[in-house]
1. Looking only at segment 57-79, filter to residues that are in a strand (DSSP E or B) and within 16 Å of the ligand (Cβ to nearest atom); which one of those is farthest from the chain's Cα centre (by Cα)?
2. List every residue pair whose Cβ atoms sit under 9 Å apart, with the two residues 6 or more apart in sequence or on different chains, where the first one lies in segment 77-99 and is on the phi > 0 side of the Ramachandran plot and the second, anywhere, is modelled with pLDDT of 95 or more and among the hydrophobic types (A, V, I, L, M, F, W, C).
3. Scan segment 130-152 and tell me whether some residue there is free of Cβ contacts under 8 Å to residues at least 24 places away in the same chain, hydrophobic (A, V, I, L, M, F, W, C), closer than 21 Å to GLU37 by Cα and within 16 Å of the ligand (Cβ to nearest atom).
4. Determine, yes or no, whether THR125 is hydroxyl-bearing (Ser, Thr, Tyr), in a loop (DSSP other than H, G, I, E, B) and in contact (Cβ under 8 Å) with a residue 40 or more places away in the chain.
5. With the requirement that a residue be within 16 Å of the ligand (Cβ to nearest atom) and surrounded by 20 or more Cβ atoms within 10 Å (Cβ to Cβ), what does segment 109-124 give you?
6. Against the definition (outside any helix (DSSP H, G or I), more than 16 Å from the ligand (Cβ to nearest atom) and modelled with pLDDT of 95 or more), how does GLY82 come out, yes or no?
7. Among the residues of segment 37-56, write down those that are touching a Ser or Thr at 6+ places or on another chain (Cβ under 7 Å) and part of a loop (DSSP other than H, G, I, E, B).
8. Report yes if some residue within segment 44-52 is surrounded by fewer than 15 Cβ atoms within 10 Å (Cβ to Cβ), at pLDDT below 95, of a type in the set (Lys, Arg) and away from the ligand (no atom under 15 Å from the Cβ); otherwise report no.
Amino acid sequence: MADDEEVLRIARNPDPLTPEQRRRNMSRIRAHDTQPEMLLRQHLHAAGLRYRIHDRRLAGTPDLVFPGRKAVIFVHGCFWHGHGCPKSVTPATNTAFWVEKITRNRQRDEAVDRALRAAGWRILTVWECALRGRARRTMPQVTQGVIAWLEAGLAEGEVSGDWSAMS
Ligand SMILES: [Zn+2]
């Protein structure tokens, strides 16, 4: 996952990398065990929840898997997954490249959702902006939201940052 500085650097200086560097960079950015994900895992674990992580047997390799509750959680970076919040603004330069890139990511996310749903899994998306940045929620808030969703048995849900106070 790119941190804010990385996204800004890329936005200011679009694609200065060779395709090979770009590929390596993207795979690094998409790596699991990102800081927001680790933060969420620590708090859920402290709240007594137990889960598997990065189960490659499931479509999309969900970040957290709750087998007994037939539920998975993805922690998504707002920029790369096209959240639509202020953290996911398309760069003003090289716009077509980024629009295509983010559109592909979103299409892949939707295909993963369909595959998991078809296999009976429930899906919660926790957006990066809920966990860090100016719209982040408190960790007790996020943790309680996740627990409430797990216990409600809902098929889908998402936790976003609180952008309502900002205009
Ligand atoms: Zn967001």
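The values are calculated or read from the model by the stated rules, or taken from the named source; none is laboratory data. Note that the structure is a prediction, hence the values are computed from the model and not measured. Quick reminder, even Gly has a Cβ in these numbers, built from the backbone with ideal geometry, and neighbours come from all protein chains shown.
1. Initial filter on segment 57-79 (in a strand (DSSP E or B)): 64-66, 71-76.
Retained after the next criterion (residues that are within 16 Å of the ligand (Cβ to nearest atom)): 73-76.
Numbers: ILE73: 9, PHE74: 6, VAL75: 3, HIS76: 1 Å.
The selected residue is ILE73.
2. Between residues of segment 77-99 that are on the phi > 0 side of the Ramachandran plot and residues that are modelled with pLDDT of 95 or more and among the hydrophobic types (A, V, I, L, M, F, W, C), the close pairs are GLY82/ILE102; GLY84/CYS78.
3. No, because not a single residue in segment 130-152 is free of Cβ contacts under 8 Å to residues at least 24 places away in the same chain, hydrophobic (A, V, I, L, M, F, W, C), closer than 21 Å to GLU37 by Cα and within 16 Å of the ligand (Cβ to nearest atom).
4. Details: hydroxyl-bearing (Ser, Thr, Tyr): yes; in a loop (DSSP other than H, G, I, E, B): no; in contact (Cβ under 8 Å) with a residue 40 or more places away in the chain: yes.
No; evaluated as a whole, the condition is false for this residue.
5. Pass one, segment 109-124, residues within 16 Å of the ligand (Cβ to nearest atom): 109, 124.
Scanning segment 109-124 gives a single hit, LEU124.
6. On the way: outside any helix (DSSP H, G or I): yes; more than 16 Å from the ligand (Cβ to nearest atom): no; modelled with pLDDT of 95 or more: yes.
Answer is no for this residue.
7. Initial filter on segment 37-56 (touching a Ser or Thr at 6+ places or on another chain (Cβ under 7 Å)): 43-44, 47, 54-55.
Of everything in segment 37-56, those that are touching a Ser or Thr at 6+ places or on another chain (Cβ under 7 Å) and part of a loop (DSSP other than H, G, I, E, B) turn out to be ALA47, HIS54, ASP55.
8. First, pick out the residues of segment 44-52 that are surrounded by fewer than 15 Cβ atoms within 10 Å (Cβ to Cβ): 45-48, 50, 52.
Now drop any that are not at pLDDT below 95, which leaves none.
Looking through segment 44-52, none of the residues is surrounded by fewer than 15 Cβ atoms within 10 Å (Cβ to Cβ), at pLDDT below 95, of a type in the set (Lys, Arg) and away from the ligand (no atom under 15 Å from the Cβ).
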